[in-house]
């Protein structure tokens, strides 16, 4: 009967919402500070950020030596 | 005199609809409470916190290699852990493995279907997975013998009831996670083809998925045509968090390298950042001049840069913390359909409807 299957579906929705409402959250200021901290700590190890020189980045073309 | 049975049934139906109404009210109340709880913690914007961070300079990123060989739109690509090989798949049914340094093609497989929308490299580098309109995800072991027919060793792993939109190996060659137009995601055992867990909750096609970095545990995020991004517990199959702020299909989701957040790209022309611990959207990356959808997103290694491939043929590079665009890259001659940063972060690769792939650095 469609009535009872709607009921089952609704119960699932409510259960899911109860679960989601109950999780622990932190303030955005705290979360944002942590995201920023991660960026700063790892900045030097980020080749696309720092721009790795041609000699160490295999994708950047190296200058070709020519014999004179 | 006995009462006729009809009033009893009527009573049952009344009880049922009262319970339904009761549940609907509770559902609405809970949704309101959820918004309230999230709003309480919204004390500041990410870009405000990042005001004191040094701005980024000019970026010089160019196409370093162009991989030509596909006969039609490139739909998906993935890097091998060796940081040089790439697998790509196309509308023409071909899956190609390339050496991105030399641009040589190392393997090619012709799938029995067109629109191979998903492909992934196995962590060992010894196999690739792919699928699309065939509704399946198949695994091909890569042979060292170039003459061997890869198609002969093909293993069908996943079976969905609609197209395969994305696939990813977990941290071993043994399990594959898939998402599908049938609205579900699923976890499969590669050897036996057995379904280990299925994930229900999206109300429409699921278009993308990304696994959390291994240090953060067994979760993954998925995005779909229902405009929702869902975070799932891989073991229980439960949806643990859900975000619905995009205004259109979510085409791509990618975890921030720390695992505490993820970015999404959508047909609504925006990329957004969701923090998992704050349980809310914390940044939107958009400009009035950008009106075409985002097909794919990925972070640089530190998470400071977000690369987005767009349907207007460009790549926009965003400062994740400050919310500003730092660069716009041109080169492709049609939509950018897929974008991934290499495992060591030295380059990123894009695939396009212009039939080519490009690596940028």
Taking the range B:230-246 as the search range and keeping residues that are at the interface with chain A (Cβ under 8 Å from one of its Cβ atoms) and not in a loop (DSSP other than H, G, I, E, B), which one is farthest from residue B:217 (Cα to Cα)? B:242
Filter pass, residue B:183 being surrounded by fewer than 21 Cβ atoms within 10 Å (Cβ to Cβ), more than 19 Å from the chain's Cα centre (by Cα) and on the phi > 0 side of the Ramachandran plot: no
Of all residues in the range B:248-259, how many are part of a loop (DSSP other than H, G, I, E, B) and more than 16 Å from residue B:295 (Cβ to Cβ)? 4
With the condition kept exactly as written, say whether any residue in the range B:29-50 is part of a helix (DSSP H, G or I), farther than 16 Å from residue B:243 by Cα, more than 7 Å from chain A (Cβ to nearest Cβ) and within 28 Å of the chain's Cα centre (by Cα). yes
Within the range B:187-235, of all residues that are under 28 Å from residue B:248 (Cα atoms) and out of contact with any strand residue (DSSP E or B) (no Cβ under 7 Å at 6 or more places or on another chain), the one surrounded by the fewest Cβ atoms within 10 Å (Cβ to Cβ) is B:203
I need the full set of residues from the range A:1-33 which are under 30 Å from residue B:61 (Cα atoms) and surrounded by 18 or more Cβ atoms within 10 Å (Cβ to Cβ), in order please. A:32
For residue B:53, work out the one condition from (1) facing chain A (nearest Cβ under 10 Å); (2) exposed (fewer than 14 other Cβ atoms within 10 Å of the Cβ); (3) over 30 Å from residue A:17 (Cβ atoms) it doesn't fulfil. (2)
Mind listing whichever residues of the range A:14-35 are more than 7 Å from chain B (Cβ to nearest Cβ) and in a loop (DSSP other than H, G, I, E, B)? A:22, A:24
Answer residue from the range B:332-361, given it is out of contact with any strand residue (DSSP E or B) (no Cβ under 7 Å at 6 or more places or on another chain) and more than 14 Å from chain A (Cβ to nearest Cβ) and is surrounded by the fewest Cβ atoms within 10 Å (Cβ to Cβ) among those: B:333
Can you say whether residue B:249 is under 29 Å from residue B:51 (Cβ atoms), surrounded by fewer than 24 Cβ atoms within 10 Å (Cβ to Cβ) and either touching a helix residue (DSSP H, G or I) at 6+ places or on another chain (Cβ under 7 Å) or at pLDDT 95 or above (or both), as far as the supplied structure shows? no
Can you find a residue in the range B:257-265 that is more than 14 Å from chain A (Cβ to nearest Cβ) and within 13 Å of the chain's Cα centre (by Cα)? yes
Is it true that some residue in the range B:282-301 is touching a strand residue (DSSP E or B) at 6+ places or on another chain (Cβ under 7 Å), within 14 Å of chain A (Cβ to nearest Cβ), at pLDDT 95 or above and assigned to a loop (DSSP other than H, G, I, E, B)? yes
If we ask which residues in the range A:34-57 are surrounded by 18 or more Cβ atoms within 10 Å (Cβ to Cβ) and more than 17 Å from residue B:256 (Cβ to Cβ), their number turns out to be 3
Out of all the residues in the range B:91-98, is one or more part of a strand (DSSP E or B) and at pLDDT below 95? no
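The values are calculated or read from the model by the stated rules, or taken from the named source; none is laboratory data. The shown structure was predicted, so the numbers you read here are calculated from the model rather than taken from an experiment. Virtual Cβ from ideal backbone geometry, glycine too; neighbours counted across all protein chains shown.
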